[in-house]
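Each value in this text was obtained by applying a stated rule to the coordinates, not by laboratory testing. In this text the structure is predicted, and so the values were computed from the model without any measurement. Counting neighbours? That spans all protein chains shown, and the Cβs are built from the backbone with ideal geometry, glycine included.
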Amino acid sequence: MSALARGATPAAREAGAGSRPQSARFHRESDRRRLRAMALALACAGVVVGLVLGVVGLRVQQVRTSYRLDSLRVARAELEETRGRLSVELATLKSLARIEGKARGELGMVQPGKDQVRLAREFVPGGSGLSSRALTASVDPVAPRSPGWRTR
């Protein structure tokens, strides 16, 4: 543009512009309603995407938990099988026949005679053994007897 056209009034500019064509300039005003509608649509799309991602994440977590549960069930079955084998082995090791066989074979032990067996209660001090019972019975014929004792 020339200096004359820049400083001139709009009517003078139109008169001087007849010799040369000017491109039309359009100025667009922002439409607040359309801007609000676009923002609302974008927010709704974001919420929908967030919900979809949340549902997908929960489903992935459910699948992982399902796999973990299956592996724990397999481990539990293996442990129960091991427990069963160990209980059978324990019962075998606790068997009195096996212990007696080991005592006789490996340690050279023999069955004790009747005169070799003594009850531990006979040797308890304080009057709770057989010797105190015998004394009490000879002095007091109505002395109470415990249910586990048999006299000869």
Discussion item. Can you give the FRET efficiency to the nearest 0.05 for residue 27 and residue 48, using r as the Cβ-Cβ distance and R₀ = 35 Å?
Written reply: 0.45
Fill in: Average projection area in nm² (convex hull over Cα atoms of the range 19-103, one quarter of hull surface)
13.1 nm²
